[in-house]
Amino acid sequence: MRKILFLFVGLTGLLHASLFMEPQYSDDIKVLQTLDIESSFLRDPIFVKLKNSLSTKRRNFFLSMLNRGALYIPTLRKMIHDNNIPQVFLYMAMAESHFNTSAISNAKACGLWQFMPDTARRYGLKIDRYIDERRDPIRSTEAAITYLKRLYALFGKWYLAALAYNTGEGRVLEAIKKAGSDELHVLLDEDKKYLPRENRNYIRKIVSLALVANNTDVYFFGGEPHMFNRTEGRSLVRVKVSGGETLEHIARQIGMTAKELKRLNPQFKYWFTPPEKSVSINIPYNKLTRFKEAYHPGEQKKMFLVHTVKPGENLRYIAKRYGISYKIILGFNRIKKSIIYPNQKLIIPVPRGSIQHYKVRRGDSLEKIAKRFGIQVATLKARNGLEKSRLKIGEHLVIPN
């Protein structure tokens, strides 16, 4: 009787597992098909190990990546869908940067999609002293989509496009030539090593991320069911604002903090927009109506510091005082040559409140002033171009917050 009961329980468990896993297995195959990968890939031992680790020992790391990407995932998803490329490529950004817009590799690749500078410029991304669009979640995704489409047109299979994105089209073409085949299981041969190890594991990593993220309710029973999909309904839109104004000014008009707006616009190197006629920025879709109703350009002199040039001052000296590059002052004031004149008014793109001026009083010393404002003496000397520690009563010092 006990044997029969044990057999019944065992068969019930197997039946339950079969019913539970079969839909998931079917969905996994569909994901593979979008990348032109055969179902046998699901038995690849290295892939299986990677996928299992995401729901066990690397579970918290995986969930932290999803949390970090929550700001951008809905927008990226829609862009990928609208351009008719596989949704799996959303996880390429996850594999490349862990959804960190500030990620920088040892080779100087940067942003969500880890673009190298030359490749970024080739696909229309702007990189200068004010902005790095490799960090812009929308602009960099547009470039990545264009790049992936070109790679697919070259290779004819999406998994080859993914491999080429990671290691370069030349290396993939060479691997196919050596292997005499472009089949994935051949190119991933661990003995022949047609591709570098990092590249072989790259496609495995993308697929494992996709399968686990698509089945969070399966892999994380007591954790974060449907966590990935809970970000739906939030998206970003691009709007035009004036160049050369603070993010704080823009944010205040649409009911955000400057910090929140900067998180959505990590492409800006400073807390102001580049000094151009107009600039595109990312805002939440639910702020679009308020933006249209409330936004108006600010007056630069009211948002930034204005410096009156004194006799003997030059641009480098002034820039050093305010902790910025003299080239930024040149660009912001549209000065073509580094020649300035006494009493000339220069807009210094340092938001008001981030720096204050202090008038030296009797009994003051650099040590006392530095201690009062919680900064280093060396910082105080550097920002004011002081070589000696002697101060004059009535002298004005720049105090950075």
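The values are calculated or read from the model by the stated rules, or taken from the named source; none is laboratory data. Note that this is a predicted model, so its numbers are computed, not measured. Reconstructed Cβ throughout: ideal geometry from the backbone, glycine too, with neighbour counts over all protein chains shown.
Tell me yes or no: at least one residue of the stretch 54-63 is among the small types (Gly, Ala, Ser) and either assigned to a helix (DSSP H, G or I) or surrounded by fewer than 17 Cβ atoms within 10 Å (Cβ to Cβ) (or both). Even if it seems obvious, please write down each step before you answer.
We begin by selecting, within the stretch 54-63, every residue among the small types (Gly, Ala, Ser); these are 55.
Among the residues that remain, those that are also either assigned to a helix (DSSP H, G or I) or surrounded by fewer than 17 Cβ atoms within 10 Å (Cβ to Cβ) (or both) are: none.
Within the stretch 54-63, not a single residue is among the small types (Gly, Ala, Ser) and either assigned to a helix (DSSP H, G or I) or surrounded by fewer than 17 Cβ atoms within 10 Å (Cβ to Cβ) (or both).
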Residue, nearest to GLN300 (Cα to Cα), within the stretch 330-347, restricted to residues that are at pLDDT below 90 and of a type in the set (A, V, I, L, M) | ILE347
Return yes when ILE375 is out of contact with any Leu (no Cβ under 9 Å at 6 or more places or on another chain), surrounded by 13 or more Cβ atoms within 10 Å (Cβ to Cβ) and not charged (D, E, K, R) and no when it is not.
-> yes
For residues that are surrounded by fewer than 16 Cβ atoms within 10 Å (Cβ to Cβ) and touching a Ser or Thr at 6+ places or on another chain (Cβ under 7 Å), scanning just the stretch 259-295, find the one that is nearest to ILE335 (Cα to Cα).
-> SER278
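Considering only the stretch 311-343, how many residues are of a type in the set (Lys, Arg) and more than 20 Å from LEU380 (Cα to Cα)? Break it down into steps so the answer makes sense when it comes.
Of the residues in the stretch 311-343, the ones of a type in the set (Lys, Arg) are 316, 320-321, 327, 334, 336-337.
Still in the running and more than 20 Å from LEU380 (Cα to Cα): 327, 334, 336-337.
The total comes to 4.
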When you go through ILE176, ILE203 one by one, which is the residue that is aliphatic (A, V, I, L, M), more than 29 Å from GLN267 (Cβ to Cβ) and in a helix (DSSP H, G or I)?
-> ILE176
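If the requirement is being loosely packed, with under 14 Cβ neighbours inside 10 Å, under 35 Å from the mean Cα position of the chain (by Cα) and closer than 27 Å to THR246 by Cβ, which of these qualifies: ARG383, ARG334? First the steps, then the outcome.
Details: ARG383 fails: loosely packed, with under 14 Cβ neighbours inside 10 Å.
Matching residue, one of ARG383, ARG334: ARG334.
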Is one or more of the residues making up the stretch 236-252 among the charged types (D, E, K, R) and either assigned to a strand (DSSP E or B) or under 29 Å from LEU63 (Cβ atoms) (or both)?
-> yes
Do we find that ILE281 is among the aliphatic types (A, V, I, L, M) and at pLDDT 95 or above in this structure?
-> yes
Output yes when any residue across the stretch 98-108 is in contact (Cβ under 8 Å) with a residue 24 or more places away in the chain and outside any loop (DSSP other than H, G, I, E, B), and no when none is.
-> no
Read through the list (1) modelled with pLDDT under 90; (2) closer than 25 Å to GLU133 by Cα, then give the number of the only condition that VAL306 fails.
-> (2)
Complete set of residues in the stretch 151-179 that are free of Cβ contacts under 8 Å to residues at least 12 places away in the same chain and either acidic (Asp, Glu) or not assigned by TED's automatic domain parsing to the domain that holds MET116 (or both) | GLU174
Any hit, the stretch 88-99, residues being surrounded by 18 or more Cβ atoms within 10 Å (Cβ to Cβ), at pLDDT 95 or above and not hydrophobic (A, V, I, L, M, F, W, C) | no
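Would you check which residues across the stretch 296-323 are among the hydrophobic types (A, V, I, L, M, F, W, C) and either in contact (Cβ under 8 Å) with a residue 40 or more places away in the chain or loosely packed, with under 14 Cβ neighbours inside 10 Å (or both) and list them? Give the steps one after another, and end with the answer.
Of the residues in the stretch 296-323, the ones among the hydrophobic types (A, V, I, L, M, F, W, C) are 303-306, 309, 315, 318-319.
MET303, PHE304, LEU305, VAL306 - these are the residues of the stretch 296-323 that are among the hydrophobic types (A, V, I, L, M, F, W, C) and either in contact (Cβ under 8 Å) with a residue 40 or more places away in the chain or loosely packed, with under 14 Cβ neighbours inside 10 Å (or both).
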Identify all residues within the stretch 324-344 that are touching a residue at least 40 places away in the same chain (Cβ under 8 Å) and either among the aromatic types (Phe, Trp, Tyr) or in the same structural domain as LYS269 (by TED's automatic domain parsing) (or both); write none if there are none.
-> PHE332
Hey, any hits in the stretch 113-121 for a residue that's in a helix (DSSP H, G or I) and touching a Gly at 6+ places or on another chain (Cβ under 9 Å)?
-> yes
Test for ALA120: is it closer than 30 Å to LEU261 by Cβ and either among the basic types (Lys, Arg) or surrounded by 14 or more Cβ atoms within 10 Å (Cβ to Cβ) (or both) | yes
